[in-house]
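Take a look at the structure set out below.
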Amino acid sequence: MANYRIEFSSTAEKALKKIPKKDLIKIINSIQILAINPFPEGCRKLAGEEGTYRIRQGTYRIIYEVEGKYLKVLILKIGHRKDIYRNI
């Protein structure tokens, strides 16, 4: 099985800069797992969104899209659970 390519939206890149280092390491590890398996245990499809999923990492959520045809995972948003679902 081929590995997926990981790409970040500009919103996700900005969010990564604001996350504390201890949480950032765990989030990066979770994102690297998506390159091997874009549907890890615990991922959920977001209602009302086509091909958009989320995974949990502590109190943070990672929202992403999978483009299987191109073997690409696009990280859309990363943020705290209290405000990640606003304006997806």
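What to note about this one:
- For segment 40-52, a residue qualifies if it is out of contact with any Phe, Trp or Tyr (no Cβ under 6 Å at 6 or more places or on another chain) and of a type outside the set (A, V, I, L, M), and the qualifying residues are Pro40, Glu41, Gly42, Arg44, Gly48, Glu49, Glu50, Gly51, Thr52.
- The residues on offer are Ile25, Ile36, Ile75, Ile19, and the sole one that is under 12 Å from the mean Cα position of the chain (by Cα) and of a type in the set (A, V, I, L, M) is Ile75.
- Test result for Glu41, exposed (fewer than 12 other Cβ atoms within 10 Å of the Cβ), in contact with a strand residue (DSSP E or B) (Cβ under 9 Å, 6 or more places away or on another chain), farther than 20 Å from Ser10 by Cβ and among the acidic types (Asp, Glu): no
- Residues within segment 1-54 that are in contact (Cβ under 8 Å) with a residue 12 or more places away in the chain, basic (Lys, Arg) and over 17 Å from Gly68 (Cα atoms), tallied: 1
- Condition met for Lys21 (surrounded by fewer than 16 Cβ atoms within 10 Å (Cβ to Cβ) and at pLDDT 95 or above): no
- In segment 70-87, the condition of being of a type outside the set (Gly, Ala, Ser), surrounded by fewer than 12 Cβ atoms within 10 Å (Cβ to Cβ) and part of a helix (DSSP H, G or I) is met by at least one residue.
- Just so you know, in segment 39-63 the residues that are of a type in the set (Phe, Trp, Tyr) and more than 16 Å from Ile19 (Cβ to Cβ) include one that is farthest from the chain's Cα centre (by Cα), and it is Phe39.
The values are calculated or read from the model by the stated rules, or taken from the named source; none is laboratory data. These numbers come from a predicted model, not from an experiment. Neighbour counts run over all protein chains shown; Cβ positions are idealised from the backbone, glycine included.
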